[in-house]
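Comments concern the structure below.
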Amino acid sequence: MVAVRATLTASLGTVALVAFVVLATEAAPRMDNVCRSVDARGNVRYGDCPPATTYKPPQPVPPPLVEEPPAPKPVATVTPAEVDKPARRTLAAIWTPAGTPSRKTYPIAGVPLLVVGMVVALISSVSFLVGAFRVSLWWGLGCLFLAPVTLVFLLVHWKVALRPFVLSLAGLGAALVGYYWLGGGI
């Protein structure tokens, strides 16, 4: 038993010594990458050599010769009074993003259609709420404050809510058409 223990201890000691030697030799500084430098006073320093490089600075390339085309001839002369005049801005020009192509607008028909459509939608929405309050106070409060209750009321009380709902959709559609004719995007 003692002999086995002594053998194991010797074996472990040998393995530890070999591992220490291997690690020590790998961590030892290599002498093939040591450079000697001497400064102006004669002091000698040893340090790591800079890595070898294969960099070559690029050769200057002459700029290409570009021939400029002749300046175009003026098409028309502009008087200073025409230059100082500010461009007329329309509502559609303000609403459309820069760079989008312009399209024909119809403000004479667009404004009344937009206003009438919004008024019809508002009146029919109020009529829808009045119908909900006539059925029950709770239906009216639910339709007034909660949007999902409005859809449930529309499905449950179809006969009461159908006409105001359809009128509201028609007014909303007319308002959107008027908005589109004014130059707004949908």
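When Leu114, Leu129 are screened for being surrounded by 15 or more Cβ atoms within 10 Å (Cβ to Cβ) and at pLDDT below 90, only Leu114 passes. With respect to (1) more than 19 Å from Gly184 (Cα to Cα); (2) exposed (fewer than 13 other Cβ atoms within 10 Å of the Cβ), the lone exception for Ile108 is condition (1).
Which residues, counting only those in the stretch 132-186, are small (Gly, Ala, Ser), over 30 Å from Ala109 (Cα atoms) and surrounded by 16 or more Cβ atoms within 10 Å (Cβ to Cβ)? Full working, then the answer.
Going through the stretch 132-186, the residues small (Gly, Ala, Ser) turn out to be 132, 136, 140, 142, 147, 161, 168, 170-171, 173-175, 178, 183-185.
Still in the running and over 30 Å from Ala109 (Cα atoms): 132, 136, 140, 142, 147, 161.
Within the stretch 132-186, Ala132, Gly140, Gly142, Ala161 meet the criteria.
Where residues in the stretch 135-180 are farther than 13 Å from Gly117 by Cα and aromatic (Phe, Trp, Tyr), which of them is nearest to the chain's Cα centre (by Cα)? The extreme case among them is Phe145.
The values are calculated or read from the model by the stated rules, or taken from the named source; none is laboratory data. The structure displayed is predicted, hence computed values, not measured ones. Neighbour counts run over all protein chains shown; Cβ positions are idealised from the backbone, glycine included.
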